Amino acid sequence: MQGKAAVRGHPVHLMLVSFPVAFWTGALGCDITGGVTHDPFWFRVSVVAIAAGTVVGALAAIAGYIDYATVAMSHAARRTANGHLWWSLAAIVAFAAAWFVRAGTPGSALGIALTAVGSAIFLIGGYFGSELSARYGVGTREPS
């Protein structure tokens, strides 16, 4: 079951979502490295990764919403899609807040905490997204 946000049969949401996953995971890794080494460089890199992940995450969310609105789903799949949508949006908000807080102070304890919270929330959203694809076939198409 594939939505309307596709290019030549390839879902745009699935093309984009790998980027925020990589950027936000890298940001958390940079924060851990910065905490261990006490080198502010790592906190600055984390902020750049958060910014990139948030921008591409917003684009992925737009494509995902187009799919959400255009794919016919069972009640169970729709419930899972709702979980994916809301948890993923909450992650984008958490990372946007971390970006805002850390823009002037990359090593901000509050900003680092928001990054960690965003990471945890994003894992939950990703779980729902994985269920949506693997269990219900949303975002996939029948082989030709």
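Return the total of residues in region 34-74 being over 30 Å from residue 9 (Cβ atoms) and hydroxyl-bearing (Ser, Thr, Tyr). Break it down into steps so the answer makes sense when it comes.
Pass one, region 34-74, residues over 30 Å from residue 9 (Cβ atoms): 34-51.
Next cut, hydroxyl-bearing (Ser, Thr, Tyr) only: 37, 46.
Residues in region 34-74 being over 30 Å from residue 9 (Cβ atoms) and hydroxyl-bearing (Ser, Thr, Tyr): 2 in total.
In region 83-99 there is at least one residue that is polar (S, T, N, Q) and buried (at least 20 other Cβ atoms within 10 Å of the Cβ).
Looking across region 59-73, just one residue is crowded, with 20+ Cβ neighbours inside 10 Å and aromatic (Phe, Trp, Tyr), and that is 68. Residue pairs whose Cβ atoms lie under 8 Å apart, separated by 6 or more positions or on different chains, with the first residue in region 5-19 and under 12 Å from residue 66 (Cβ atoms) and the second part of a strand (DSSP E or B), are 5/11; 12/6. For region 63-86, does any single residue satisfy the condition of being under 20 Å from residue 23 (Cβ atoms), at pLDDT 95 or above and basic (Lys, Arg)? No, there is no match, as no residue in region 63-86 is under 20 Å from residue 23 (Cβ atoms), at pLDDT 95 or above and basic (Lys, Arg).
In region 1-103, counting only helices (runs of 4 or more DSSP H) that sit wholly within it, the ones holding 1 or more residues that are among the hydroxyl-bearing types (Ser, Thr, Tyr) and under 16 Å from residue 126 (Cβ atoms) span 18-37, 40-70, 75-102. The number of residues in region 100-123 being surrounded by fewer than 22 Cβ atoms within 10 Å (Cβ to Cβ), within 19 Å of the chain's Cα centre (by Cα) and in contact (Cβ under 8 Å) with a residue 40 or more places away in the chain comes to 2.
Residue check: is residue 137 closer than 30 Å to residue 8 by Cβ, among the small types (Gly, Ala, Ser) and within 16 Å of the chain's Cα centre (by Cα)? Steps first, answer last, please.
Values: closer than 30 Å to residue 8 by Cβ: yes; among the small types (Gly, Ala, Ser): yes; within 16 Å of the chain's Cα centre (by Cα): no.
It is false that residue 137 is closer than 30 Å to residue 8 by Cβ, among the small types (Gly, Ala, Ser) and within 16 Å of the chain's Cα centre (by Cα).
The values are calculated or read from the model by the stated rules, or taken from the named source; none is laboratory data. Since we're looking at a predicted model, the values are computed, not measured. With ideal geometry, Cβ positions are generated from the backbone for all residues, glycine too; neighbour counts draw on all protein chains shown.
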